[in-house]
Protein chains: 2
Amino acid sequence: MSSAKRALPVTRREDFAEWYQAVIDAADMAEASGVRGCMIIKPWGYKIWERIQRRLDDDIKATGHDNCYFPIFIPIELIQKEASHVEGFAKEMAIVTHHRLETQDGKLVPAAPLESPLVVRPTSEAMITPALKRWIHSYRDLPVKINQWANVVRWELRPRLFLRTSEFLWQEGHTVHANAEEAIEETRNMLNVYRSLVEDFMAIPVIPGVKSPGERFPGAVETHTIEAMMQDGRALQSGTSHYLGQNFARAAEIEFVDRDGRLKIAHTTSWGFSTRLIGATIMVHADDDGLRLPPRLTPYQVVIVPIMRGEAQRGDVVAACEALARSLRAQSYADEPIRAFVDLRAENSTTKRWNWLKKGVPLVCEIGPRDLQGGQVAVHCRLDICARGVTQNLAEFITDIPQVLGNFQTTMMEQARRYRHEMTVDDVTSLDALRRYFSEKTGFVRAKWSGNPASEDLLKEFGATIRCIPYEQSGTAGRCVLTGESATTDAIFAKAY
Amino acid sequence: MSSAKRALPVTRREDFAEWYQAVIDAADMAEASGVRGCMIIKPWGYKIWERIQRRLDDDIKATGHDNCYFPIFIPIELIQKEASHVEGFAKEMAIVTHHRLETQDGKLVPAAPLESPLVVRPTSEAMITPALKRWIHSYRDLPVKINQWANVVRWELRPRLFLRTSEFLWQEGHTVHANAEEAIEETRNMLNVYRSLVEDFMAIPVIPGVKSPGERFPGAVETHTIEAMMQDGRALQSGTSHYLGQNFARAAEIEFVDRDGRLKIAHTTSWGFSTRLIGATIMVHADDDGLRLPPRLTPYQVVIVPIMRGEAQRGDVVAACEALARSLRAQSYADEPIRAFVDLRAENSTTKRWNWLKKGVPLVCEIGPRDLQGGQVAVHCRLDICARGVTQNLAEFITDIPQVLGNFQTTMMEQARRYRHEMTVDDVTSLDALRRYFSEKTGFVRAKWSGNPASEDLLKEFGATIRCIPYEQSGTAGRCVLTGESATTDAIFAKAY
């Protein structure tokens, strides 16, 4: 397919937001539900989420956390308690006020008002901290390290599939520690779990760092973050890990008798990762032909399409496709058997091939009667779609598959890194220059920042924010890009999702 | 521990409901949350759910279903549409009426009323059927077979942990077919998936059958069920699979162009399995010392407790425990590596042993300094707790473990079957006798039923119901136990959860 003719009706350059939606439609990943801001995650989208979930769940367990489950509803009194000590507390939540439907004049209406309203969890700190208080008495009970996979709701006025939905799926980890050092170590470790998931598994390069005070999670002492760059030059916060200090523990009275016999207030952390990252995968990897998925993340790595002209050799062709799938599954890549799928639907083979390429499957193979005799297979590689498949020797294709997928994964990471490199500048040194930059373009600006909290407000005018103070610092001295004060700290400035 | 002294403060015989709660407390599986009817599933309870979930999810995928995710909120209009064609529609639901909190006089109150209220899903038919209508146009699109893992809410006035909670976790499968035969086959196949899960995996014997009209899912043409007997002689419906006929499809206009070119209404099914079955596991398998878990279900099959007297041989003992765990993990049972866990907590070893026995772990091993020299291990078997562990040769214990676990699983199933057999009668032949039976005892009564729908109401007086018409029928003729009419159908009558 030539660069002029693309599989999607709109390109990234023409309209990034429309292109994003077109990728989702073409890959059949999700759709709007009719309920404001709530999406239906369709099988292909959900399979991608299950891949992320399985890998992250394994990592969360391997680092000593136990899964559990807390109620979806939070009494308004607990929210009240939290709100009264948390500044910047967001208030867009779904609120349950009744527990029965009744028919009045042939119409169902809410009946049986609750004595006190319940809030649908926007996150579970308010519910989990009181439970932790009940569970923890002594230093022997610490650390407590729990996690839950759940749906959460934050009312969204301008929803977008995956990126910003009123209901989304996520995991939220909550831990309690005897002292700050341990809690901060946990906070950093979990950020590193996210970093590895996003970089090594999803092939999305990120900048790990700490949030500025203006961008911190409400109530946190430190918010650690990984920031990724989308193909429109904007940042997407891709996972956060919060050191909450004693703020939540003090409000919920999570106290314990320490080794020295003294009653102390515990230190807590929380960290979360959501279906939003499916949106990031699209915005980092998809192209004007649809989605592209890295081999470690993708539900299927190889899809095999039989080419049948008439019924004559149908059985032989299907058998060859199934045999190829079995041979591939007997091989492994990244410690998992190759995920191969044979598409036997009653559809035209060109339609099938394009279906899978738009869904982002790395390799689509076609086998027809002629290939049977020649012991060959036509391989379409999603890295860079070409009109015809490349004919390869079948045995070699099978032998080489782990290496081919490994190269594919590396190449996707390199492409994303290269794009980010091209879209990052470090020569913007004044507020005027920063204003000019963000009025004309998007991208990451790496510049000095004084740390002066009031200075963050200056960014609002042009819609940018400090994304993070990267862990990796140059250590050089210079002038704050916002205030001109002398400064040694590097920060990343960008417009963000 | 002698039979006189038991680990729980209350026995099954003394108070079954209190005993049930005591098992949950002693095993640290779940607790009340402070939100009416909503529970906190703690790590041990959740690990059990994850075992069930993984096995069932594999089965659901292996039978050709795709997971996806639908919104938690359902517009009241869709509920209205469903209610208007579904008789017996339950109305206890959580209703969201506002989407913001505002502070008034220092208190948070609901603000920003929704134009139209949203219902928190009690099940997702109302949401999923309209989506299926959008997705289905031709016979080529059929069958559609989807599943979702989700939380659902049904307001409960008398909640009990796991058994009856306002919020619970479940999977709900929804499928669409071109004709009744296929849909009925699907309904039966999925019931069989549940039967195999409950019997082969959870060691709970069940009676598969069809519900009487009075016990059917509202809107269903046929409800298939598996019914289990608890240790108080009551029945627990342990999984249901519904053939919905064209009822939901007609209301939602799920139509397709068939091979013959004619527009037809589709046939749908739905089926669900929930955290309630954790309650069933307790009520079938636990004893007066706490939970007992079958080897295929349990999160850990063997827990190893080091016995350390002083610090002298501490390192050697811990090393021996870890080595035992590794040797066990290298063996497999039921196609999975043995799940062995070494408990290194700073706790006294007797406390640890009882912790794990009350949690239902099949085998608890203790290794102390003396065992090191003798190459032996003390094994406590949860089938029947004895005061001392049985000392066994370490190498033999490792070699025999798959067989020991296999016998353990079989024995638990046999024990449950034997109990059910003892608590089932088939010589109750009149309404008077049935009334007498249920006023004095609990258990299953297998008797003839005419099928007369009005006759089911006669059972209400003594709190029993028809649990199912078993697939397995004797084929003999007799008189209906309710009406005295001649009847050939066997039915199971019982009090139920």
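The values are calculated or read from the model by the stated rules, or taken from the named source; none is laboratory data. Computed from a predicted model, the values in this text were never measured in an experiment. Here Cβ is always computed from backbone atoms with ideal geometry, including for glycine, and neighbour counts include all displayed protein chains.
Looking only at residues of region A:2-40 that are within 14 Å of chain B (Cβ to nearest Cβ) and over 20 Å from the mean Cα position of the chain (by Cα), we find that the one that is modelled with the highest pLDDT is A:SER33.
Would you check which residues across region B:484-496 are assigned to a loop (DSSP other than H, G, I, E, B) and surrounded by fewer than 17 Cβ atoms within 10 Å (Cβ to Cβ) and list them?
Start the filter on region B:484-496 by keeping residues that are assigned to a loop (DSSP other than H, G, I, E, B), which leaves B:484-485, B:488, B:495.
Result: B:GLY484, B:GLU485, B:THR488.
Scanning region A:309-333 for residues that are surrounded by fewer than 17 Cβ atoms within 10 Å (Cβ to Cβ) and more than 19 Å from A:ILE401 (Cβ to Cβ) turns up A:ARG309, A:GLY310, A:GLU311, A:ALA312, A:ARG314, A:GLY315, A:ASP316, A:VAL318, A:ALA319. Inside region A:348-370, residues that are surrounded by 23 or more Cβ atoms within 10 Å (Cβ to Cβ) and more than 33 Å from the chain's Cα centre (by Cα) make up a count of 1.
For region B:256-274, the candidate set comprises residues that are of a type in the set (D, E, K, R) and in contact (Cβ under 8 Å) with a residue 60 or more places away in the chain; within that set, the residue that is nearest to B:PHE168 (Cα to Cα) is B:LYS264.
Would a scan of region B:405-428 turn up a residue that is of a type in the set (S, T, N, Q), closer than 30 Å to B:ASP457 by Cβ and more than 14 Å from chain A (Cβ to nearest Cβ)? Give the derivation first.
Just the residues of region B:405-428 that are of a type in the set (S, T, N, Q), to begin with: B:407, B:409-411, B:415, B:424.
Among the residues that remain, those that are also closer than 30 Å to B:ASP457 by Cβ are: B:424.
From the residues that got through so far, the ones that are more than 14 Å from chain A (Cβ to nearest Cβ) too are B:424.
Yes, there is a match, as at least one residue in region B:405-428 is of a type in the set (S, T, N, Q), closer than 30 Å to B:ASP457 by Cβ and more than 14 Å from chain A (Cβ to nearest Cβ).
When A:GLN376, A:GLN301 are screened for being polar (S, T, N, Q) and crowded, with 22+ Cβ neighbours inside 10 Å, only A:GLN301 passes.
For region A:88-95, state whether one or more residues are buried (at least 16 other Cβ atoms within 10 Å of the Cβ), under 30 Å from B:ALA94 (Cα atoms), without any contact (Cβ under 8 Å) to a residue 24 or more places away in the chain and in contact with a Leu (Cβ under 9 Å, 6 or more places away or on another chain). Yes - at least one qualifying residue is present in region A:88-95. Within region B:460-483, the residues that satisfy the criterion of being surrounded by 15 or more Cβ atoms within 10 Å (Cβ to Cβ) and either in the same structural domain as B:THR225 (by TED's automatic domain parsing) or in a loop (DSSP other than H, G, I, E, B) (or both) are B:ALA464, B:CYS480, B:VAL481, B:LEU482, B:THR483. Of the residues that make up region B:93-100, is at least one hydrophobic (A, V, I, L, M, F, W, C), farther than 22 Å from B:THR275 by Cβ and touching a Ser or Thr at 6+ places or on another chain (Cβ under 9 Å)? Within region B:93-100 (the criterion being hydrophobic (A, V, I, L, M, F, W, C), farther than 22 Å from B:THR275 by Cβ and touching a Ser or Thr at 6+ places or on another chain (Cβ under 9 Å)), the answer is yes, since at least one residue qualifies. Exactly one of (1) at pLDDT 90 or above; (2) more than 7 Å from chain B (Cβ to nearest Cβ) is unmet by A:TYR69. Its number? Checking A:TYR69 against (1) at pLDDT 90 or above; (2) more than 7 Å from chain B (Cβ to nearest Cβ), the one that fails is (2). Taking B:THR351, is it among the β-branched types (Val, Ile, Thr) and within 14 Å of chain A (Cβ to nearest Cβ)? It is true that B:THR351 is among the β-branched types (Val, Ile, Thr) and within 14 Å of chain A (Cβ to nearest Cβ). The set of residues in region B:41-66 that are at the interface with chain A (Cβ under 9 Å from one of its Cβ atoms) and either touching a Pro at 6+ places or on another chain (Cβ under 7 Å) or farther than 30 Å from A:ALA30 by Cβ (or both) comprises B:LYS42, B:PRO43, B:TRP44, B:GLY45, B:LYS47, B:ASP66. Looking at this structure, is B:VAL176 β-branched (Val, Ile, Thr) and out of contact with any Leu (no Cβ under 8 Å at 6 or more places or on another chain)? It is false that B:VAL176 is β-branched (Val, Ile, Thr) and out of contact with any Leu (no Cβ under 8 Å at 6 or more places or on another chain).
Checked against (1) under 31 Å from the mean Cα position of the chain (by Cα); (2) surrounded by fewer than 19 Cβ atoms within 10 Å (Cβ to Cβ); (3) within 27 Å of B:GLY478 (Cβ to Cβ), B:TRP449 passes all but condition (2).
Step by step: first the residues of region B:142-159, then only those that are under 30 Å from B:CYS38 (Cα atoms) and not in a strand (DSSP E or B), then the one that is farthest from the other protein chains (Cβ to nearest Cβ). Which residue is that? Reasoning before the result, please.
Taking region B:142-159 first, the residues under 30 Å from B:CYS38 (Cα atoms) are B:146-159.
Subsequent filtering for residues that are not in a strand (DSSP E or B) retains B:154-159.
Values: B:ARG154: 10, B:TRP155: 4, B:GLU156: 10, B:LEU157: 9, B:ARG158: 14, B:PRO159: 11 Å.
The selected residue is B:ARG158.
For region A:416-439, filtered to residues that are without any contact (Cβ under 8 Å) to a residue 12 or more places away in the chain and under 28 Å from the mean Cα position of the chain (by Cα), the residue that is nearest to A:THR476 (Cα to Cα) is A:HIS421.
With respect to B:GLU77, determine if the residue is surrounded by fewer than 17 Cβ atoms within 10 Å (Cβ to Cβ) and under 25 Å from B:GLU222 (Cα atoms). The answer is no for B:GLU77.
The single condition among (1) in contact (Cβ under 8 Å) with a residue 24 or more places away in the chain; (2) surrounded by 21 or more Cβ atoms within 10 Å (Cβ to Cβ) that A:LEU101 does not meet is (1). On the basis of being of a type outside the set (Lys, Arg), assigned to a strand (DSSP E or B) and either out of contact with any helix residue (DSSP H, G or I) (no Cβ under 6 Å at 6 or more places or on another chain) or buried (at least 23 other Cβ atoms within 10 Å of the Cβ) (or both), does B:THR240 make the cut? Yes: the conditions hold for B:THR240.
Could you tell me whether A:ALA251 is touching a Phe, Trp or Tyr at 6+ places or on another chain (Cβ under 8 Å) and of a type in the set (Gly, Ala, Ser)? Taking the combined requirement at face value, the residue does not satisfy it. One residue alone among A:ALA395, A:ALA387 is at pLDDT 95 or above and either farther than 30 Å from A:PRO362 by Cβ or surrounded by fewer than 18 Cβ atoms within 10 Å (Cβ to Cβ) (or both), and that residue is A:ALA395.
When each of A:ARG339, A:ARG345 is tested for being loosely packed, with under 15 Cβ neighbours inside 10 Å, within 14 Å of chain B (Cβ to nearest Cβ) and either modelled with pLDDT under 95 or closer than 30 Å to A:ASP288 by Cα (or both), the lone residue that passes is A:ARG345. Within region B:36-66, the set of residues being touching a residue at least 60 places away in the same chain (Cβ under 8 Å), buried (at least 19 other Cβ atoms within 10 Å of the Cβ) and among the β-branched types (Val, Ile, Thr) comprises B:ILE41, B:ILE48, B:ILE52, B:ILE60. With respect to (1) under 26 Å from A:ILE95 (Cβ atoms); (2) assigned to a loop (DSSP other than H, G, I, E, B); (3) β-branched (Val, Ile, Thr), the lone exception for A:ILE204 is condition (1). Any residue at all in region B:164-179 that is more than 10 Å from chain A (Cβ to nearest Cβ), of a type in the set (Ser, Thr, Tyr) and either assigned to a helix (DSSP H, G or I) or buried (at least 19 other Cβ atoms within 10 Å of the Cβ) (or both)? Yes; the residues of region B:164-179 include at least one that is more than 10 Å from chain A (Cβ to nearest Cβ), of a type in the set (Ser, Thr, Tyr) and either assigned to a helix (DSSP H, G or I) or buried (at least 19 other Cβ atoms within 10 Å of the Cβ) (or both).
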